[in-house]
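One structure is given below, encoded as structure tokens.
FYI, it's all coordinate maths here, none of it is from the lab. These numbers come from a predicted model, not from an experiment. Neighbour counts are summed over all protein chains in view; Cβ atoms, including those assigned to glycine, are modelled from backbone coordinates with ideal geometry.
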Amino acid sequence: MGGVARVRRADRKRIMMVAGEASGDLHGAALARALHAAAPVRLYGLGGPQMRRARVRILFDPTRLGSIGWSESLRRYPVFKRLFVRVCRILERTRPDCLVLIDSPAFNMRLAEVAHQLGIPAVYYFAPTAWAYGRSRAERVARSVRKVCSVFPFEAQVYREAGADVAYVGHPLVDVVARGLRDEAALAEARERLGLPQPVDRPDLGSREESASPAQPVVALLPGSREQEIRTLLPVMLEAAHRFRQEVPGARFLLPLAENLAGSPVGQWVEDRVAEAPAPVQLLVGESLLALQLSDQAWIASGTATLEAALVGVPQILLYRVATSTYWIGRMLLQIPNIGLPNIVAGRKIIPELLQGEATPRRLVAEAVRLHREPAAREAQRQGYATVRERLGEPGVVDRVAQIVLQVAGEAGGGEGAPAPGKGLSRPGAEPRDGAASRGGDEGGAGP
């Protein structure tokens, strides 16, 4: 009986997943559930609490280390370097049938090159934004990755032209939002629990006609999931909330804290700032979708959450502020006029973007008051959201990605094309390649 169990365990495809940020943890968890549902697999790698709950053996959680720019990343370079060395050792020792890379381009593009050298096929899900920064990124990915799963149609075209084997799968938020939306009864219960007023003009996904703006609007504050952006943008949002209450005395505020930050030092810092805030702000842990559904408008750090708000149908204001050097390097490299994902997907500006020096309490309040008082401004955003939803693809995204991953893992046949046992990384200056990789000391012990 034990022999049968061992055979069955050995027959499972071993898939290593690497997600470095909270959004990657969300998408990695959804993919993990789809993989488990589709085939017998053994999943392990880097991720956060959501991937752990989705039965991924987490060797290290990097989601608390996230940074958002060149200057910010340089300050933590030694930490990321040590982590990269450890992950390379794990990759070389365990030789997965497939490596799944999720976002985090600075880390994962290098890891893809190491995997390619080791003969380990990689699938890149949420590949680097070559459509924003130029073709060189796409060409680099094409040289080292077996398959690119593209979430935007225009992204797929860029990678295809760069020579990558690419599949346009659509954006998984389509599935995440559809699955996570509460019905009216659940929303009514949540409002009662949180002491929020019942809505006057909160359309369900923009489908009902709007009347007057509510006298007691609810505003969702989403300052991001990375420590640096939270410490930068939360004070701006809290001061703006105080000033907005002076213009709209009945306003209430919800702040969904990313689950990976709960109990962490930055999470405690957020709780302390909220406790000191003069405006009434309620914290919700890991409930960004609920907060958006309950809100009349949202103030959001640039990132995936802006697409989430678009799919829910809540009007929003985007904020983005990083180190000055990071911003100007980005502007020099960026080849598109907007940075907000809803604006990029729609092909035009549908939500306001407050960037760098414009991301101030004064400017934020001015935009928020306009959004509150002008039905036409809210309706214009919701009309733009219809275009966004159409361009994010059909439901069933993670199931399509899971099938691609399993196909690549099956083609690998347990490491086809990998260097012979005993051989390792040969690139000059590469990570340790012999017994050092198997002496232990990595997070998670002996590996999968």
Karplus (6.51, -1.76, 1.60) ³J(HN,Hα), θ = phi - 60°, over segment 170-178, in Hz, Gly and Pro reported as x: x, 9, x, 4, 4, 6, 4, 5, 4
Residues whose placed amide H lies under 5 Å from that of Arg57, excluding near-sequence neighbours: Leu43, Tyr44, Gly45
Computed label-point distance, nm, for sites Arg135 and Arg362 using a 7 Å Cα→Cβ extension: 4.5
Label-point separation, His36 to Arg53 (7 Å along Cα→Cβ), nm: 1.2
Amide H contacts of Val166 (H built 1.01 Å from N, under 5 Å, at least 5 apart or other chain): Val148
P(r) of segment 117-158 over all Cα-Cα pairs, binned every 10 Å from zero, in whole percent: 29, 57, 13, 0
Two-site label geometry, Glu189 and Asp11: point separation in nm, points 7 Å out along Cα→Cβ: 4.2
